[in-house]
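Below is one structure; the comments refer to it alone.
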Amino acid sequence: MGVAVDSTLQGIDLKGTKVRAPKIGQQLPPEFFDRDPQLVSREILGKLLVRRQPGKLLAGRIVEVEAYLGEDDPAAHAAAGRTLRNSVLFGPPGRAYVYFIYGNHYCLNVSCLPDGVPGCVLIRALEPVIGVDEMARARGITLQASADLKKLTSGPGRLAEAFGITRARDNGNDLTSMVSDLRIVDDGYRPARVLTTARIGITKAAERPLRFLVSENRFVSRAVG
DNA sequence: TACATGATGCCCT
DNA sequence: GGGCATCATGTAG
C-alpha cells in the first residue's frame, strides 16, 4: 500500500480496523440543519461524515456540497412537490435523503429546514480520513499511487459507494442521532477559505451559485475554473 | 402499462 | 472532450 493520507486527526489508526470507538468529534444537533440550505452548506464544509458499524469505521471530511432549495428552485427534487421518492426532503431536518440516479449511482443529501419545509444539501465530495482501505474495497479500487485516493470519494456517486450508502439502507435515517451508524460530526476543523460556484450536472437553474467547496482542496469533484 | 428522464462515472479518443 | 450504460421514479395515456 504505502499511500500517504493527509489528515488533521492525530492518534487515530487510519486503516480504521482496530480503533476502539474513539471520540472523533462533536455530534451536530438537529438545529444545525434547521436553517437555510445555503447557510448549512457553508458551515457543513470541514465536518466529518462518519460510518460506524461493528468492525468498520469510516470517516471523510466534507469538502464540496451543493444547496437545493424548495419549490422556487427548479433543479431541486422538491420543486414539483412531495412524492414517495422525495418525502424525506419535506420531513424534519438532519435526515439522510438518498436517491438512485442514472441506473447506477446513489447520492446522499441531508434534509434542512423545519418539518414541512423542503430543502437539502447534497454531499458531493469527501477527503478520506479514516478507513481508506475499506473505502477502496467498496469502490473496487487498488490503491497504488497517491492519485488513486481521489477516486475514492471525489464525487457524489463515488462517496456513496465508498461508504456503502444505499436508499434501502440509509434513506430517512437521522444523521444527528447517536444510535445512527451514519452521522456528521464536528472535530473542530475549519476551512481557511470557501469558494462558491454554479452547481454541476443540472440543466435547470444551472446559473445559480449554490455549489460550495473548500478552496485548494484536492479532493473536490471538479476544480474551479 | 408505456415511456422519458436524470444532482454520474467510466472508458475511449 | 464525448459517448453511453442502466433503472427507479414520475407522469401521461
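Readers should treat all values here as calculations from the given coordinates under stated rules, not as data from a laboratory. Note that the structure is predicted; figures quoted are calculated from it, not measured. Here Cβ is always computed from backbone atoms with ideal geometry, including for glycine, and neighbour counts include all displayed protein chains.
Each residue of segment A:179-194 in order: what ³J(HN,Hα) in whole Hz does its phi give by Karplus 6.51 cos²θ - 1.76 cosθ + 1.60, θ = phi - 60°, with x for Gly and Pro?
8, 6, 8, 10, 9, 10, 10, 10, 9, x, 5, 10, x, 5, 8, 10
Cα centroids of segment A:152-225 and segment A:30-85: how far apart, whole angstrom?
Cα centroid to Cα centroid, the span is 7 Å.
Which of the listed residues, A:A80, A:L57, A:F100, is farthest toward the dipole's positive end in segment A:31-112, when Lys, Arg count +1 and Asp, Glu count -1 at the beta-carbon?
It is A:L57.
Could you pull out every residue, at least 5 positions away or on a different chain, whose amide H is within less than 5 Å of the one on A:D187? Hs are placed 1.01 Å off N in the peptide plane, and Pro or chain starts have none.
Amide H neighbours of A:D187, under 5 Å, 5+ apart: A:Q26, A:L48.
Is the shape of chain A rounded, prolate or oblate, going by the alpha carbon gyration tensor and its root eigenvalues a ≥ b ≥ c, with a/c under 1.5 for rounded and a/b larger than b/c for prolate?
Cα axes put chain A in the prolate bin.
For chain A, what does -39500 (n - 2.57) per DSSP helix run (n ≥ 4), summed and divided by total residues, give at 222 nm, in deg cm²/dmol to the nearest 500?
-3500 deg cm²/dmol
Would segment A:91-225 count as rounded, prolate or oblate if I go by the C-alpha gyration tensor, calling it rounded below 1.5 in a/c and otherwise prolate when a/b exceeds b/c, oblate otherwise?
The shape class here is rounded.
A:R199's amide H: which non-local residues (gap 5+, or another chain) put their own amide H closer than 5 Å, with H modeled 1.01 Å from N in plane and none for Pro or chain starts?
When sequence neighbours closer than 5 places are left aside, the close amide H contacts are A:R208, A:L210, A:R211.
Just rank A:Y189, A:Y106, A:Y68, fewest to most, by other beta-carbon atoms within 10 angstrom.
Listing A:Y189, A:Y106, A:Y68 from fewest to most nearby Cβ atoms yields A:Y189, A:Y106, A:Y68.
Placing unit charges on C-beta atoms (Lys and Arg positive, Asp and Glu negative, everything else neutral), compute the dipole magnitude of segment A:87-225 about its Cα centre in debye, rounded to 20.
520
If you plug each phi of segment A:37-52 into the Karplus form 6.51 cos²θ - 1.76 cosθ + 1.60 with θ = phi - 60°, what whole-Hz ³J(HN,Hα) values come out, in order, with x for Gly and Pro?
x, 5, 6, 4, 4, 4, 7, 7, 4, x, 6, 9, 8, 10, 10, 10
Cα-based count: Lys pairs in chain A below 19 Å, eight or more positions apart or different chains?
8
Report ³J(HN,Hα) in whole Hz for each residue of segment A:89-99, in order, from the Karplus equation J = 6.51 cos²θ - 1.76 cosθ + 1.60 where θ = phi - 60°; Gly and Pro get x.
Taking θ as phi minus 60°, the curve returns 4, 9, x, x, x, x, 9, 7, 9, 10, 10 Hz for segment A:89-99.
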